[in-house]
Amino acid sequence: MSRYLLLCRHLTAAAAAAATASPLPARRAHRAFEKGAHSDHIQELARLGRLREAREVFDAMPRRSIFDWNTMISAYCNNEMLEDARSLADAISGGNVRTSTILLSGYARLGRVLDARRVFDGMLKRNTVAWNAMVSCYVRNGDVIMARRLFDSMPRRDVASWNSMLTGYCHSRQMVDAWRLFEHMPERDLVSWTVMISGYARTEQHRKAWDIFCMMHREGVSPDQSNFASVLLAVTGLRDLAVLEGVRSLALKTGFESDLVIGTSMLNAYTRDAGALDIATKFFEGMPERNEYTWSTMIAALSHGGRIDAAIAVYERDPVKSIPSQTALLTGLARCGRITDARILFEQIPDPGVVSWNAMITGYMQNGMVDEAKELFDRMPLRNTISWAGMISGYAQNGRSEEALDLLQALHRKGILPSLSSLTSSFFACANIGALETGRQLHSLAVKAGYQFNSYVCNALVTMYGKCRNLEYVRQVFNGMKVKDTVSWNSFISALVHSDMMEDARHIFDNMLSRDVVSWTTIISAYAQAERGNEAVELFRTMLHEHELPNSQILTILLSVCASVGASKLGQQIHTVAIKHGMYSELIVSNALMSMYFKCGSADSHKVFYSMEERDIFTWNTFITGCAQHGLGRQAINMYKHMESAGVLPNGVTFVGLLNACSHAGLVDEGWQFFKSMSRDYGLTPLLEHYACMVDLLGRTGDVQGAENFIYDMPIEPDAVIWSALLGACKIHKNAEIGRRAAEKLFATEPSNAGNYVMLSNIYSSLGMWVEVAEVRRIMKQQGVTKEPGCSWMQIRNKVHSFITGDKQHEQIKDIESTLQDLYTLLRTTGYVPDTEFVLHDIDEEQKQSSLLYHSEKLAVAYGLLVTPKGMPIQIMKNLRICGDCHTFIKFVSHVTKRHIDIRDGNRFHHFRNGSCSCGDFW
């Protein structure tokens, strides 16, 4: 106890002594406070960009600690004044570890990797923060290999070290390596999970991103704002409404739904699902707080979904009508073809900024109104790099690549280095016109601008050299890339495809560590363009099996494949996929579906058209052209009138469709009216295809002489299509004299086209001019020209069956021939007489009839009757124009069997019903 009392007295005395000596510590505390205040003031001035004043405060300090020096050095680094930062660091002989780390990070932010490394190598002592800063420097500048080497040599690592390396792999889209690293992390924090989720979302591996989030949730890790935003990015890509609703419930439980950032991200996710636009609208209306991005997101979504009037209504309610909202509505109006309304909105903006000017220019470019865009560009009071990039891109995208390159040259003459966007668009322009030498010069410019290792530039270069078919330069650029992401591999595959190296392209695709939807699109498109449709479809099935969601481009490619081979059943399956993944309402998909159904002879084409909430000029043209193919001339004209009423201006393609429709329906007067209306009412100059349609129209209706006179009166030189149309008319109306003149023109321009020789031969044989027939065949033999065999095909139970004239290879050929013989006997009793006028004259009548019997379309009809249930429609595709005898034969078959038989030949559709054809025997 006595010891305790002595200790208490001692402490009391010490406290009293400290109290009497208090003035000195008080002054020290005041000086410490002053130093802290000075540093805070320097930081605040630096944050405002007022570096001169910050330096004056620093210089006025009577005494400075290392903390003060580091504060000033950090201020310089944060404002990109690294030379000043360096000189200040040199003034204190490099300072401490913190000083070096600040400098190192500053150099890293500006991409000055070598300077950062010099600082790092010069450090006598390095802590984990310094190592992390250097790893982050390599990561930030895309050098993942060096980052990993440094990471592996670190004496100690913390979770920030692992996260930096993880970020590097994710940013370079190396998700396989990222996952391996993630699995081996000794500890993970929320940043680790967020980086992985974000990495998978950015590489469009949305399902994997969602799986990572679910794993995180199971491990009891609670999300924060950044984590929620990342997972919402993944859910947006998934387009799975059930998953989105689940995330929304979790946000509600954790109190994040009312967070403006999360709420806006959730709205964005809803708006990306075309089928959830009503839910998105309801969510938007219930948001307690909105910012300019919220308003613009809703406006853009409604515009994209074809609800432009609703978008306008939301814009009117926007209290601020910010630049993003104006831009969203301008873009929406332009996108749906209401470019006049977009211009009115633009003119109503009191003092439009450069963003609004750029949006209007982009709108004009998107609508193909290049001259209007140029007029606006020339009037701009102020241009930025986006203005130039928008014009250059617009020229390139609208097929005016030379003007794109001229504009880039004008930009360069002003002493302005082109932006990345301008350069990549220029490479695209070079690729469009095969301007290899110009592309090489631009490549040199990119190197001078310091872009030679930029992934966007390198990928664009690979694409350009690939389209120019220079595989040597492709490999040179590709092999020199420091970082190859998925886009790089996709570009390389595309370059191989352009060089007709399909097997090499497939090998690269099969061995890719990470594939995205573009990888699938590239290889599927390659097979489709190579007319290897079966392989394209098989790849699509593999893609779905691997849970990779298709995009609208893949669906349109596959629908085009279905249309080309008449595979309507497969087309219906793809239609179902489009509905399932919320892409049915996308304009490009709806247009492709309608086109596919028309080309497959399905009435669903009309259903698609009338269900569309949004239509563009391609929609109307597809419908009009489809009607023309089916001989529905009056319906095509009526649809054109509806198009006019909707305020949609026709283009050249519209009139090709209308003139074809008039030709197939024999509507001469209407055809003349449309031909004259082009230039008179719409200022459109008729092109060769319009003249060809008029020749076809006049010739088909019997005015062969008028058709020939029309050709000689044309203001432009006729091409082979026009002379072929005249020759076809001569065949229909057996005009040997004009037919000979047309054929001679074709022989001169297309000496290897067998169809022209066969057509003239048929004209002569129909008139019994056998000497002339023999002469034509002699010329064919002399020229080495062989006739293309007739081929017909049909799809039954998801399998395509093909038949060639005189075919003996089909597995059921004996049954097919027996069915044909039975049909032939039956039809003869009902009035069918084989038309043998085009068959060789030097064989007897029985042989002539026998050769007609085994035409490919007859074999296909017989097979259809043989293997399909009674009463089921039969649909056949044929490569050549159907001959007169087959046309008559199938009319009789449709009558006696009561079957609907549809045939798409090289010219049009024929719908046979109860002994009649939709063409009215006019084809």
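Looking for whichever is under 21 Å from residue 480 (Cβ atoms), without any contact (Cβ under 8 Å) to a residue 40 or more places away in the chain and within 17 Å of the chain's Cα centre (by Cα) here; the options are 493, 523. Which one fits? Full working, then the answer.
Numbers: 523 fails: under 21 Å from residue 480 (Cβ atoms).
None of the other options fit; the residue is 493.
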> Considering only residues of region 895-923 that are in a loop (DSSP other than H, G, I, E, B) and small (Gly, Ala, Ser), which is modelled with the lowest pLDDT?
Replying inline: 920
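Can you name the residue in region 807-832 that is more than 14 Å from residue 888 (Cβ to Cβ) and not in a helix (DSSP H, G or I) and, of all such residues, is modelled with the lowest pLDDT? Please lay out each step first, then the result.
Restricting attention to region 807-832, the residues satisfying the condition of being more than 14 Å from residue 888 (Cβ to Cβ) are 807-822, 825-826, 829.
Within this subset, residues satisfying the condition of being not in a helix (DSSP H, G or I) are 807-812.
Working: 807: 73, 808: 79, 809: 79, 810: 83, 811: 84, 812: 89.
Result: 807.
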> Among all residue pairs at least 6 apart or on different chains, which show Cβ distances below 7 Å where the first residue, located in region 648-665, is in contact (Cβ under 8 Å) with a residue 40 or more places away in the chain and the second is surrounded by 24 or more Cβ atoms within 10 Å (Cβ to Cβ) and among the aliphatic types (A, V, I, L, M)?
Replying inline: 664/628
>> Based on this model, can you work out whether residue 687 counts as surrounded by fewer than 18 Cβ atoms within 10 Å (Cβ to Cβ), over 18 Å from residue 336 (Cα atoms), in contact with a helix residue (DSSP H, G or I) (Cβ under 7 Å, 6 or more places away or on another chain) and of a type outside the set (D, E, K, R)?
In response: yes
> Residues in region 499-515: is at least one modelled with pLDDT under 90, on the phi > 0 side of the Ramachandran plot, of a type outside the set (A, V, I, L, M, F, W, C) and under 21 Å from the mean Cα position of the chain (by Cα)?
Replying inline: no
> What helices (runs of 4 or more DSSP H) completely inside region 131-236 contain at least 1 residues that are touching a Leu at 6+ places or on another chain (Cβ under 6 Å)?
Replying inline: 159-171, 175-183, 190-202, 206-218
> In region 576-605, which residues are in a helix (DSSP H, G or I), under 24 Å from the mean Cα position of the chain (by Cα) and surrounded by fewer than 21 Cβ atoms within 10 Å (Cβ to Cβ)?
Replying inline: 576, 577, 579, 580, 587, 588
> Considering only region 267-307, how many residues are part of a helix (DSSP H, G or I) and touching a helix residue (DSSP H, G or I) at 6+ places or on another chain (Cβ under 6 Å)?
Replying inline: 23
> Of (1) buried (at least 19 other Cβ atoms within 10 Å of the Cβ); (2) modelled with pLDDT under 90; (3) out of contact with any helix residue (DSSP H, G or I) (no Cβ under 9 Å at 6 or more places or on another chain), residue 891 satisfies all except one. Which?
Replying inline: (2)
> Do we have any residue at all in region 850-869 that's modelled with pLDDT of 90 or more, touching a strand residue (DSSP E or B) at 6+ places or on another chain (Cβ under 9 Å), closer than 27 Å to residue 561 by Cβ and not in a helix (DSSP H, G or I)?
Replying inline: yes
> Out of all the residues in region 774-832, which are over 50 Å from the mean Cα position of the chain (by Cα) and without any contact (Cβ under 8 Å) to a residue 40 or more places away in the chain?
Replying inline: 774, 775, 778, 818, 821, 822, 824, 825, 828, 829
>> Return the residues of region 46-96 that are touching a residue at least 24 places away in the same chain (Cβ under 8 Å) and aliphatic (A, V, I, L, M); say none if nothing qualifies.
In response: 46, 51, 61, 66, 72, 73, 75, 81, 82, 92
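Name the single residue, out of those in region 634-647 being in contact with a Gly (Cβ under 9 Å, 6 or more places away or on another chain) and modelled with pLDDT of 90 or more, that is nearest to residue 575 (Cα to Cα).
636
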>> Checking the structure you have, find out if any residue of region 69-87 is over 51 Å from the mean Cα position of the chain (by Cα), modelled with pLDDT of 80 or more and either part of a loop (DSSP other than H, G, I, E, B) or more than 24 Å from residue 112 (Cα to Cα) (or both).
In response: no
>> If I ask for residues that are surrounded by 21 or more Cβ atoms within 10 Å (Cβ to Cβ) and either without any contact (Cβ under 8 Å) to a residue 24 or more places away in the chain or among the aliphatic types (A, V, I, L, M) (or both), which ones from region 895-923 would you list?
In response: 901, 903, 912
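Condition check ((1) modelled with pLDDT of 85 or more; (2) hydroxyl-bearing (Ser, Thr, Tyr); (3) surrounded by fewer than 22 Cβ atoms within 10 Å (Cβ to Cβ); (4) assigned to a helix (DSSP H, G or I)) across all residues:
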site	(1), (2), (3), (4)
49	no, no, yes, no
101	yes, yes, no, yes
104	yes, no, no, yes
108	no, no, no, yes
> What residue, among those in region 797-806 that are modelled with pLDDT under 85 and surrounded by 12 or more Cβ atoms within 10 Å (Cβ to Cβ), is nearest to residue 750 (Cα to Cα)?
Replying inline: 805
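Can you work out which of the residues in region 385-404 that are polar (S, T, N, Q) and at pLDDT 90 or above is farthest from residue 354 (Cα to Cα)?
Among residues in region 385-404 that are polar (S, T, N, Q) and at pLDDT 90 or above, the one farthest from residue 354 (Cα to Cα) is 401.
Rundown of residues vs (1) in contact with a helix residue (DSSP H, G or I) (Cβ under 7 Å, 6 or more places away or on another chain); (2) crowded, with 21+ Cβ neighbours inside 10 Å; (3) over 16 Å from residue 207 (Cβ atoms); (4) touching a residue at least 60 places away in the same chain (Cβ under 8 Å), yes/no style:
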position: 231; (1), (2), (3), (4): yes, yes, no, no
position: 235; (1), (2), (3), (4): yes, yes, no, no
position: 242; (1), (2), (3), (4): no, no, no, no
position: 252; (1), (2), (3), (4): no, no, yes, no
position: 257; (1), (2), (3), (4): yes, no, yes, no
> If you go through region 778-792 one residue at a time, do you hit one that is assigned to a strand (DSSP E or B) and surrounded by 13 or more Cβ atoms within 10 Å (Cβ to Cβ)?
Replying inline: yes
> Yes or no: residue 466 in contact with a Ser or Thr (Cβ under 7 Å, 6 or more places away or on another chain) and either surrounded by 19 or more Cβ atoms within 10 Å (Cβ to Cβ) or of a type outside the set (Phe, Trp, Tyr) (or both)?
Replying inline: yes
> Is it the case that residue 485 is over 17 Å from the mean Cα position of the chain (by Cα) and in contact (Cβ under 8 Å) with a residue 40 or more places away in the chain?
Replying inline: yes
> Can you pull out the residues in region 873-892 that are touching a Gly at 6+ places or on another chain (Cβ under 9 Å) and touching a residue at least 40 places away in the same chain (Cβ under 8 Å)?
Replying inline: 874, 875, 876, 877, 878, 879, 880, 881, 882, 883, 892
> Considering only region 606-639, how many residues are assigned to a helix (DSSP H, G or I) and either hydrophobic (A, V, I, L, M, F, W, C) or more than 27 Å from residue 913 (Cα to Cα) (or both)?
Replying inline: 15
>> If I filter region 488-507 down to residues being acidic (Asp, Glu) and assigned to a helix (DSSP H, G or I), which single residue comes out as nearest to residue 473 (Cα to Cα)?
In response: 504
> What is the one condition in (1) within 22 Å of the chain's Cα centre (by Cα); (2) over 22 Å from residue 409 (Cβ atoms) that residue 381 does not satisfy?
Replying inline: (1)
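The values are calculated or read from the model by the stated rules, or taken from the named source; none is laboratory data. These numbers were taken from a predicted model, which means no experiment stands behind them. Please note: Cβ atoms are built from the backbone with ideal geometry, for glycine as well, and neighbour counts cover all protein chains shown.
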